[in-house]
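Written out below as structure tokens is the structure these notes cover.
The values are calculated or read from the model by the stated rules, or taken from the named source; none is laboratory data. What you see is a predicted model, and the numbers here were worked out from it, not measured in a lab. Methodologically, a virtual Cβ is constructed for each residue, glycine included, from the backbone with ideal geometry; neighbour enumeration extends over all protein chains shown. Surface accessibility is based on the protein's heavy atoms, side chains included, excluding ligands, DNA and RNA. Shrake-Rupley method; radii C 1.70, N 1.55, O 1.52, S 1.80 Å.
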Amino acid sequence: MKRTAWGMAAAAVLMHLCIGSVYAWSVLVQPVMRATGADLAAVQWVFSLAIAALGTSAAFLGSWVERIGPSRAGLAATACFVGGMYGTAQALAAGALWPVYLAYGLLGGIGLGIGYITPVATLVKWFPRRKGMATGLAIMGFGFAALIAGPAWQRLMTAYDLPTAFRVLATVYGIVMTGASLYLAPPATATTDGARRYTGMTVREAVRTRAFYLIWLIFFINITCGIGILSIASPLAAAQAGLTPAQAAAFVGLLGVVNGIGRLGWACISDGIGRLTTYALLFLLQIPAYLLLTQAVPPFVVYPALALIVTCYGGGFSVLPATLAERYGMAHLSAIHGRLLTAWAAAGIAGPVLIVAWAGDAGDFSAALAGFALLSAIALAATFILYWQEREQGETAS
């Protein structure tokens, strides 16, 4: 089979469009509650477990993904993710929630982790001169997935019952992900002269550098603030801009589009201005946006401020793989990228927890927004430290 760089990009996007459907979990919350008789908190733990399993599996299976190759890794991701959906269908048909934790949360989450890192590391090798654009394309698919999955779930649940909806989508995802996985492969140069072109640090070497932990901190803060703002976007927009609940919900849907656009847009920008400069710009823009939202500002300020923050949130994801490839090399990118994704798992817990701690029961988000501004300033400082460290190393080498 003849493979091309753009064909590889299409396969990566398709893979991420399937696994990114996890972001449509909110559509399933009420139906799962009715099917199992569980309360909201119990059902939401399914999503939390899936994201935690994503980060953990990506962290510890990255070396294995590198060893077996992208096609086999993609098939493994397909088996776990689709198998988790079929298992969830069986559990819901029986009216039981705890097997859903194991099927969708744990098994499906492992599929998410493997499926997330596999196409990203592959695309970087196919687009060595445009690493940001390449990873942005794939990760954009993850961000846009909920826009497709949400309406699909609604239609299927209207036409059939909930377990059948899971089975139908599992079958569709299985076909698409299998096809994409069979297409995924490193470029020919990766096998013919891989020792020369695809060298770099091992995971063990990477985690011993100070830069690794600075990048982890930068990534963690960006996701913590982004998840936090997304969790309060609807009530914040309603309070600041006077939107009705329906209008606020529609605005949140629009933010999903902005999230996907930010993933590709900022990644492409980073190809031109550099990765660390892009991260610095992300935080330089977010700090005043958070501070503006602490004030009573008109709607024409609220909308672009929230949209800007969400683009920066998406951009932080897509710029990361190229940052790692340039600093640590591409030989073990899947493994190193996976270790950094532990920041995602940690931020998935930290973001909502900080919102609850800072906002309290009164629903005043000013303290939380100010806190996010402070965290962004810390991330900006970490970016500068990383830049100075990089500069000093360059001067020493010369």
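For this structure, a couple of remarks:
- Single condition SER57 does not satisfy, out of (1) under 19 Å from THR122 (Cα atoms); (2) modelled with pLDDT of 90 or more; (3) more than 16 Å from the chain's Cα centre (by Cα): (3)
Here is a yes/no grid of residues against (1) in a helix (DSSP H, G or I); (2) open to solvent by 10 Å² or more (accessible area, probe 1.4 Å); (3) small (Gly, Ala, Ser); (4) on the phi > 0 side of the Ramachandran plot:
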site: GLY228; (1), (2), (3), (4): yes, no, yes, no
site: ILE232; (1), (2), (3), (4): yes, no, no, no
site: VAL257; (1), (2), (3), (4): yes, yes, no, no
site: THR278; (1), (2), (3), (4): yes, no, no, no
site: TYR303; (1), (2), (3), (4): yes, yes, no, no
site: LEU308; (1), (2), (3), (4): yes, yes, no, no
site: CYS312; (1), (2), (3), (4): yes, no, no, no
site: LEU320; (1), (2), (3), (4): yes, no, no, no
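- The stretch 342-358: number of residues that are among the hydrophobic types (A, V, I, L, M, F, W, C) and open to solvent by less than 10 Å² (accessible area, probe 1.4 Å): 3
- Single condition THR78 does not satisfy, out of (1) in contact (Cβ under 8 Å) with a residue 12 or more places away in the chain; (2) over 21 Å from GLY143 (Cβ atoms): (2)
- Residues (open to solvent by 10 Å² or more (accessible area, probe 1.4 Å), of a type outside the set (D, E, K, R) and out of contact with any Ser or Thr (no Cβ under 7 Å at 6 or more places or on another chain)) located in the stretch 329-341: MET330
Here's the yes/no breakdown for (1) open to solvent by 70 Å² or more (accessible area, probe 1.4 Å); (2) under 28 Å from ALA322 (Cβ atoms); (3) modelled with pLDDT of 90 or more; (4) hydroxyl-bearing (Ser, Thr, Tyr):
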position	(1), (2), (3), (4)
ALA145	no, yes, no, no
GLY150	no, no, no, no
ALA165	no, no, yes, no
LEU184	no, yes, yes, no
ALA195	yes, yes, no, no
THR202	no, yes, no, yes
ALA206	no, yes, yes, no
THR209	no, yes, yes, yes
ILE215	no, yes, yes, no
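- Odd one out for ALA58 among (1) buried (at least 24 other Cβ atoms within 10 Å of the Cβ); (2) more than 22 Å from GLY260 (Cβ to Cβ): (2)
- Pairs meeting the criteria (first residue in the stretch 137-152 and part of a helix (DSSP H, G or I), second residue among the basic types (Lys, Arg), beta carbons under 7 Å, at least 6 apart or on different chains) are ILE139/ARG263; MET140/ARG263; GLY143/ARG263.
- Search result, residues across the stretch 44-55 that are under 14 Å from GLY111 (Cα atoms) and surrounded by fewer than 19 Cβ atoms within 10 Å (Cβ to Cβ): LEU49
- Condition check for ARG263: more than 25 Å from ALA149 (Cβ to Cβ) and in a helix (DSSP H, G or I): no
- Answer from LEU28, LEU14 - the residue that is under 22 Å from LEU169 (Cα atoms), surrounded by 22 or more Cβ atoms within 10 Å (Cβ to Cβ) and more than 14 Å from the chain's Cα centre (by Cα): LEU28
- Residues located in the stretch 322-365, provided they are assigned to a helix (DSSP H, G or I), in contact (Cβ under 8 Å) with a residue 60 or more places away in the chain, more than 14 Å from PHE219 (Cβ to Cβ) and hydrophobic (A, V, I, L, M, F, W, C): ALA325, LEU333, ALA335, ILE349, LEU354, ILE355, ALA359
- Qualifying residue in the stretch 60-76 (condition: assigned to a helix (DSSP H, G or I), touching a Phe, Trp or Tyr at 6+ places or on another chain (Cβ under 8 Å) and within 17 Å of TRP344 (Cβ to Cβ)): no
- The sole residue among TYR116, TYR101 that is within 30 Å of ARG327 (Cα to Cα) and either assigned to a helix (DSSP H, G or I) or open to solvent by 20 Å² or more (accessible area, probe 1.4 Å) (or both) is TYR116.
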